[in-house]
Every structure is written in structure tokens, then in C-alpha cells.
Amino acid sequence: MTKEDILEKIKPVFVEVLEHENFNLNETSTTDDVDGWGSLTHMIIIEKIEEKFNIKFKLLDLMNMENIGDLVKAIQSNISSI
Amino acid sequence: MKYICNLHKSIESHYNNNAFYIDNTFYTYEDLTLEISKIRLVISNSVNDNIKQIGLITHDDLQTYAAIIAFWLEGKTYIPINPDHPLDRNLEILNSLETSFIFDSIGNANFPNFKTISTLKTKKVAVNLVPKTVSSSDIAYILFTSGSTGKPKGVPISYSNLNAFIEAINHDNEFKLFASDKCLQMFELTFDFSVVSYIFPLLTGACVYTVPRNSIKYFYIYKLIKTHKLTVLSLVPSIIHYLKPYFDEIYASEVRYCSFGGGALYNDIIEDWNKCIPNATSFNYYGPTENTIYSSYYKLNKHANSNITHNGVISIGKPLNNITYIIIDKDKNEVDIGNSGELALSSKQLTPGYWKNKTKNQDSFFTKLIDSKPIRFYKTGDLCYIDSSNNYMYLGRIDFQVKIRGFRIELPEVEYHAKSHCHKKLNMVAIDIINTLGNAELALAIESEPFNPVEIINNMKAKMPEYMVPMHVQFIKEFPYNTNGKIDRKKIRSYFNIK
């Protein structure tokens, strides 16, 4: 799956959890750029992404996630390891 | 003041140690000294001796921490101002103070009628760590917490309050740091647990590891623990609730101490968390800001099933050695042992009183004869009882104050700002709801047919810090009432379906 495919698939998760669409998601987006993306919503987003891609992140993946690019990479490496 | 002299000595004798790790950079005590000296020079050049208070814009950088120490060495008071909080609220706080000075390490604070001071650009200044003489009633800091009338309440803590607190912790010899310790500082400087998180490390020459404001805190904290092998943790319980799904990946054998505070600590999660930090001694701390950070603590047992609990919540233990706890009824009479009532306390750590708030001071403080001596007590608003082993149990708030992510919130203040900009006069109730992670979330119920609440939410965002803005809104055609004719908050809770 390409980065673009993954980005396209995760955007609806953000919309659903954050209950708004006023943001663009690209590889450099961080919690600063997206309204409502914080400690609690991050946890819910992670759970939903795990469900959607049928993967389970490791804490090591999660602790190094600083932007959407890191999230996409973590999804890619988890998919390829299945 | 003893603790300030000790800070001076500690900084001087640990020059080559790391003092802070902030945003991927280490700073030594020598770096800290240079910043302190520069800021002292700025203060003595621009702030009159008779001006004691200085607002402090809280950035996650060395200069902001150095400013706190510099203010104390100069005998000044710091009033932390979170730059992410709404301008109106920050202005309300600043305008209530007796100062026109704000320290902003970045130098871009722009408050009308306030003069912003910053550190010097020069690389070298003469070292200046010798404290000025202060009187014991001088104020070390003022923290503003949520107030029920829509106005924030200021809690001044004197130098002698803070000194008494440090002496009380040291007196018990249970929490003893070394210069080699690596200590977590996860708290906003507007929250008093930040003070313990930096002051004990600095008093021993240890290193403080800070957490950036906009990070996903629980993952950032884990990263610090894992990468830097932290040895001392001070946490709000919600951090371990968030980390719970990953406990089997966490093994931090270097952690020596783990302190909890700022919310109910559940024994079942502690049982699992203990396996992640097998060598740590853990404490459950309790204390209102008014009585300088911690008032009592319970030392957790290695085996969680030996901990003293009530409904699964761990005891808040016994008061520190300079503190007296009593449990009182509505008429301020002590209740019989084992009965619940409001916790009141007296101590050397007790604030001289709310900042310019006569009504609140009359409500919250009272004098009681103990052994025929008049003693000043503070009513905590917390419902407690004492068990047969003399350990105190926390049952909840007696009024409508709740804690969200460790922040104390008066629900009437949230309701006040929710109602103030609504197009119609509507009944609204703010409540706290415990989600499946065991953390409290803020919710707002509106008695009305559904409509788009964006205007209400935006107004709340403009008037209150983000943690006070409800995350959930539910419309209820008619509010349920209990037999006393009061809105049934418990039933309202059941209308929210929060996971």
C-alpha cells in the first residue's frame, strides 16, 4: 500500500473521531496543526486505525510518532510484517 | 530563607551536572547559573524594589525555569501564565496583580499596560547566585485555579509555606534524591505539582526532564523513561490509564520512585503498573494547592493487595508532620472516627489566603480552638473519613468541583461560560464522566431540542483553558429531577454514551 493510499484511508478516521473536517493531513502534520487532536483523541484514533488495518502497534512505534508521516510509516511496516 | 540558600548551595556545587533536559538538549547547572545571573541583572535594572510580583509566561525552555530561581533569589513572586490559555483569562489574572511586569523568555508577550522583560542576549555576565534577604511572609508564587463565580482564584504561597513543605517531606526521609537521579517534570507550571518536580531535583543536583506542552504526553513520557532511563517519576493517574494497553512492553527497572497525585488512584491498575517498575517505591500523594502541593501521602505496598483502599481507591494516607487533619460536619464540629465529613486542615504550609478575595476567604478559612489554642483551619471541600489504622480515605468533592487531567475545575464556572453566549436562556449542566480508561472527561448537557452548539463551544474556548471546555454535548428535552427538586446529575450522566 502506498503512502497516498494510507493517507486516504486514515483521513476519515480523524474526521470521525475529531468530528470536524477543517484540516489537511499530509506527512508533516502534527497535533499542532489539527484542532482537537490531543491525548485522548489520539488514543481513540490509534485504536480505530488498528481496527481498520487489522494491525497492532508496538509502544516503540507509538513513542516515536511525531507527525502523520511517522504514523503512515508505522502502518506500512506493520502491514508488511503480517 | 533556608530552601533558597540550599538551592544556591546545590547549584554552586553541581556545576558540571546536567540540570535540565528540555526539547532534546541537556543544560548543565553552569548553563542554568548563567541564565539565572542574566535574568537577575535584567530584574535589578528594570523592576523597582517595591514591585514584588512578576508574571511568568510559561514556555518549555531553560530561561523560564531559570527565571523562577532568579525571581526567588531576588525576593520576587512568580505568577505563571500559560500562553495557550485565552487572552481574556490571562488578562483577568494579570490585571488583578500588583505589577506591570511580565517575563517572557521568547519576548513576544503583548499584554496592554504590561512591560515585557526577557533575558539578555549577551553570552557572559558575572555569576550572581547569592539570595537577597526575604521575609517569611513574602510570596514565592501565586497560582490561579478555576473559581465558581467565573473568575479565577489566586492562591499565594509564601516562602515560608514552601520551606515548611520541603522540610516536611525531608523529615520523613522516605523520598530522598541523589545527584545522579533523572527526574520527570510533566506538569504545566500553572499546576503546583510542577514545583515538586523541579525543586527536589535542583536541591540535590539531579536532572529534570521536561515534557513539551503539545506532545502526546503519555507516549513522550514513556520515550523519556525508555531512552534516558529516568529514575524518579511524578505522575497523574491518567498517564498510567493511557499506557495500560502497553504495560506488557514496559519494563523500567531503573525507576526508584513513582509518585502519584491529582486524582483518585485505583488499586487494580497499580497492581499491573508495579510490574512495569519492579524496583520503585511508590506514593499516593494528596493535597490542595492552598496547602502547598502535598498534604498527606500513602506509601504503597509492594503487593497491591495489602494497600488500604475504599471502593478500589487507594488511601491518601497520613498528614505530613507539620499538618493537622480534622473531619468536620456542616457546623464545623469534628465527626466521630470512621464517619465521613469534610476534611479541614491547619499547617505551616497553609496559604495566607486567596488573592484579593474576601468572600472566598471568609467561606474557606475558620478558627477553631484546639487544646484551648485558636488554630486557623482551611476547609478543603473534600469528603473524607479516617479508618482504624489512622489512614485517610478520599471519597470525592463535597461541592461540584471535579478534576480533569489533574486540573481542578468548578463546574459552575463551565456552566456560566456555556450559558453566557447562548442565543436562548437554556438550562445547562456540566458533569464529569469516567470513560472506559478510568479518566474523567467533561460533558455538557443542554435542556433543549438539538441545535448546532458551535457558538457556545467557541465562546467557552475563548474564555477558558482547553481542559475546561466540555468534550461532549448532549441535548435532553427535559432534565431529570430528584425528589429534592434538584437536577439529577447521576441520571444526566446516563444520557451520555462515552467509551
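Each value in this text was obtained by applying a stated rule to the coordinates, not by laboratory testing. Note that the coordinates shown come from a computational prediction; the quantities given were computed from them, not determined experimentally. Note that each Cβ is placed from the backbone with ideal geometry, even for glycine, and that neighbours are counted across all protein chains shown.
With Rg and the Kirkwood Rh both taken from Cα atoms, where does Rg over Rh land for chain B? Let's see the in-between values first.
Working: Rg = 22.8 Å, Rh = 23.8 Å.
Here the Rg-to-Rh quotient is 0.95.
Quick one: which of B:15-26, B:337-348 comes out on top by average Cβ neighbours within 10 Å, and what's the full order, highest first?
My ranking of the peptides, most packed first, is B:337-348, B:15-26.
Would you please name the chymotrypsin sites (Phe, Trp or Tyr not before Pro) within chain A that are DSSP coil residues with at most 16 other C-beta atoms within 10 Å of their C-beta?
Those that pass, being in a loop and sparsely packed, are A:Phe23.
Taking the Cα centre of the protein assembly as shown as origin and charging only Cβ (+1 Lys, Arg; -1 Asp, Glu), how large is the dipole, in debye to the nearest 20?
Numbers: 61 positive and 65 negative charges, 238 e Å.
The calculated dipole for the protein assembly as shown is roughly 1140 debye.
Using the charge dipole of segment B:74-140 (Lys, Arg: +1 at Cβ; Asp, Glu: -1 at Cβ; taken about the Cα centre), state which of B:Val127, B:Ile106, B:Asn95 has its Cα farthest towards the positive end.
B:Val127
Which is farthest toward the positive dipole end of segment B:321-425 among B:Gly396, B:Thr367, B:Pro412, measuring Cα position about the Cα centre, with Cβ charges +1 (Lys, Arg) and -1 (Asp, Glu)?
Selected residue: B:Pro412.
Normalising by the residue count of segment B:1-58, find the relative contact order in percent from Cα pairs under 8 Å and 6+ residues apart. All intermediate terms of the calculation are to be shown ahead of the outcome.
Working: 26 pairs, mean separation 11.8, N = 58.
Relative contact order of segment B:1-58: 20 percent.
Run the dipole for segment B:197-279 about the Cα centre, Lys and Arg Cβ at +1, Asp and Glu Cβ at -1, nothing else charged, and hand back the magnitude in debye, nearest 20.
340
Ranking request for peptides B:105-118, B:185-198: highest mean number of other beta-carbon atoms within 10 Å first, then the rest in descending order.
Most protected by this proxy first, the peptides run B:185-198, B:105-118.
How would B:Ser234, B:Ser448 line up from fewest to most surrounding beta-carbon atoms within 10 angstrom?
B:Ser448, B:Ser234
Relative to the first principal axis of the alpha-carbon coordinates of chain A, what is the inclination of helix A:3-18, with its axis defined by its Cα atoms, in degrees from 0 to 90 and to the nearest 10?
Helix A:3-18 and the main axis of chain A meet at about 50 degrees.
With no solvent and one point per C-alpha, what does the Debye sum give as log10 I(q)/I(0) for segment B:251-354 at q = 0.10, 0.24 Å⁻¹?
Relative scattering, expressed as log10 I(q)/I(0), comes to -0.34, -1.29.
In 10 Å bins starting at zero, report the fraction of Cα pairs in the protein assembly as shown per bin as a rounded %.
3, 16, 26, 28, 19, 7, 1, 0
Do you know the Lys pair count in segment B:1-139 for C-alpha distances under 20 Å, with sequence separation 8 or more or different chains?
Total qualifying Lys-Lys pairs in segment B:1-139 comes to 18.
Per residue, how big is the convex hull around the C-alpha atoms of chain A? Give it to me in cubic angstrom, could you?
Hull volume normalised by residue count: 83 Å³.
Using a cut-off of 26 Å between alpha-carbon atoms, which lysines can reach B:Lys425, once sequence neighbours fewer than 8 places away in the same chain are excluded?
Of all the lysines, those that pass the test against B:Lys425 - Cα under 26 Å, at least 8 places apart if same chain - are B:Lys151, B:Lys461, B:Lys463, B:Lys477, B:Lys486, B:Lys490, B:Lys491.
Would you mind giving the mean number of other chain beta-carbons within 10 Å of the Cβ of each residue in B:209-219, as a whole number?
Taking the mean over all residues of the peptide, I get 4.
Which listed residue (B:Ser238, B:Asn161, B:Leu224) has the Cα farthest towards the positive end of the charge dipole for segment B:103-255, taking +1 on Lys and Arg C-beta and -1 on Asp and Glu C-beta about the Cα centre?
It is B:Leu224, whose Cα lies furthest towards the positive end.
Just how large is the dipole of segment B:104-179 about the Cα centre, in debye to the nearest 20, putting +1 at every Lys and Arg Cβ and -1 at every Asp and Glu Cβ?
520
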